[in-house]
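Here's the structure we're looking at; comments come further down.
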Amino acid sequence: MSLLPVSDAKNRLLAKAAPIARTEILPLADVDGRVLASDLAARLTQPPFNASAMDGYALRHEDLGKAATILTVIGTSAAGHQFDGLVGRSEAVRIFTGAPVPEGADSVLLQEDAERLEDGSIRTGYAVRKGQHIRPRGQDFAKGDVVLPAGTELDFARLTVAAAMNHPEIEVFARPLVAILATGDELVQPGGIPGPAQIVASNTSGIAALARAAGAAILDLDIVPDDRAALTSAIETARAAGADVIVTLGGASVGDHDIVQSTLVAAGMELDFWRIAMRPGKPLMVGSFGKTHVLGLPGNPVSSLVCGLLFLEPLIRKLASRPPLARESTALAKVRFAANDQRQDYIRARLSKSPTGELLVEPFAKQDSSMMSTFAHSDCLVIRPPHAAELPVGAPCPILLLRAY
């Protein structure tokens, strides 16, 4: 089987993915980052009354002339404590921000524009525009208005308006369930004591974090030994739990000790493709059990994370009805890049800025796919397309951002 270009592999994977239809109703406090499953309409009008936008005096516009005017202060309206009387001719009510404007008043005079007299009345020579400093009833939204349509991703601003619309609970799409299983007799959990030929399993932590950030719920199936019966049992557990995506870590090639692919196929998985024209990450495997997607990620930690960024993250975001992340950008090369071969390279690199603010990129000298510390200190991955020509210093090159910079 020939190596599949990265873009073709990603397109084939996402073409078979559809947003999940399952929904759930959750408390407002638990829906940050979730996607609305139905239109969210206001359950009340906001503001529910004409409200003062400033501290001052509520009065009738017609009572203010060009000359100094004296008005009798007949009461106070504060937030949560309205004035129930009627403002008549040459009268005013002391009012505070957010308080209901009393009946009869149509404008608010700023407190600094009024002189308080000894008898409690006020004198002013300022004229105000009719309706000035008043927030009219329904200025923000009216009862029944659809303020947040279905498909909206909820964040701090949208949660605020959802609360203002008086919604204690929200219907959102369920998170895609991603089952993760690491494979290999050589692995022990973090905190364990590796044997003479063993290493600590690190991939699960990073892939799970990436999946959660994309919008997934995680089912951790632990470490599965190189045993077909144990692997088959783990696969059955994932399917019984209703996993939308099964992610295997390691063992996806077809060497003597790589049994993941053949065991998955024997369990009923339809293999779509494997072996991608990329570095690192060539052994990526993609298949499915019906609507359940299967991603076999490489065992090398950096290869696993690069494949997770390129394939798992966009898959989960599509299943979760979330838009793709815009990770692609451009920077200027700080060093020369050699011409590339037939595989698309993803080179770990650091970013900096020139004195004029241009984004500069410099790769790490060592790019071995087992070196996790280099990945941890990287700001981006430099993308070198297949058969790319030599890139001189100062030339623009495409990058994949790992975090905001």
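Brief remarks on what is shown
- Cα-projected label distance for Leu117 with Asp39, points at 7 Å along beta-carbon direction, nm: 5.5
- Proxy reagent accessibility, fewest Cβ within 10 Å first, across Met285, Met54: Met54, Met285
- Restricting attention to the chain, close to 65% of DSSP beta bridges with both partner residues there are antiparallel.
- A straight Cα-to-Cα reach below 17 Å connects Lys130 with the lysines Lys66, residues fewer than 8 places away in its own chain not being considered.
- Using distinct alpha-carbon pairs, which all enter the 1/r mean, Kirkwood radius of the chain in Å: 25.9
- The chain: most fluctuating residue of Phe311, Phe83, Phe273 per GNM, C-alpha cutoff 10 Å: Phe83
- The relative contact order of the range 144-296 comes to 21 percent, based on Cα pairs under 8 Å that sit 6 or more residues apart.
- Charge dipole magnitude, Cβ of K and R +1, D and E -1 - the range 1-143, Cα centre, debye nearest 20: 780
- Gain on full stretching of the segment that runs from Ala376 to Lys291 - 0.36 nm per residue minus C-alpha separation: 27.2 nm
- Length-normalised contact order for the range 51-135 - Cα pairs under 8 Å, 6+ apart - percent: 42
- Across the chain, Cα pairs under 8 Å and at least six residues apart give a relative contact order of 16 percent.
- Extension gain for the segment Ala241 to Thr72, taken as residue separation times 0.36 nm less the Cα-Cα distance, is 53.6 nm to one decimal.
- Spherically averaged projected area of the range 51-135 from its Cα convex hull (nm²): 4.6
- Judged by the mean number of other Cβ atoms found within 10 Å, the most tightly packed of the peptides 240-248, 35-43, 161-169 leads the ranking 240-248, 35-43, 161-169.
- Volume per residue of the convex hull around the Cα atoms, evaluated for the range 328-401, comes out as 84 Å³.
- Least to most buried among Arg34, Arg94 (fewest other Cβ within 10 Å first): Arg94, Arg34
- Here the Kirkwood formula puts the hydrodynamic radius of the range 217-363 at 17.3 Å, using every distinct Cα pair.
- 0 to 90° range, to nearest 10: angle between helix 228-240 axis and the chain longest Cα axis: 20
- Using a Förster distance of 56 Å, the FRET efficiency for Asp368-Asp140 (Cβ separation, nearest 0.05): 0.50
- 14 Å reach of a label modelled at Asp341, 7 Å along Cα-to-Cβ, counting backbone N of the range 351-389: 386-388
- Potential lengthening between Ser2 and Lys353 on full extension [0.36 nm per residue; Cα-Cα distance subtracted]: 122.4 nm
A short reminder: the numbers here are calculations on the coordinates, not readings from a lab. Fair warning: this is a prediction, and the values are worked out from it, not measured in the lab. Counting neighbours? That spans all protein chains shown, and the Cβs are built from the backbone with ideal geometry, glycine included.
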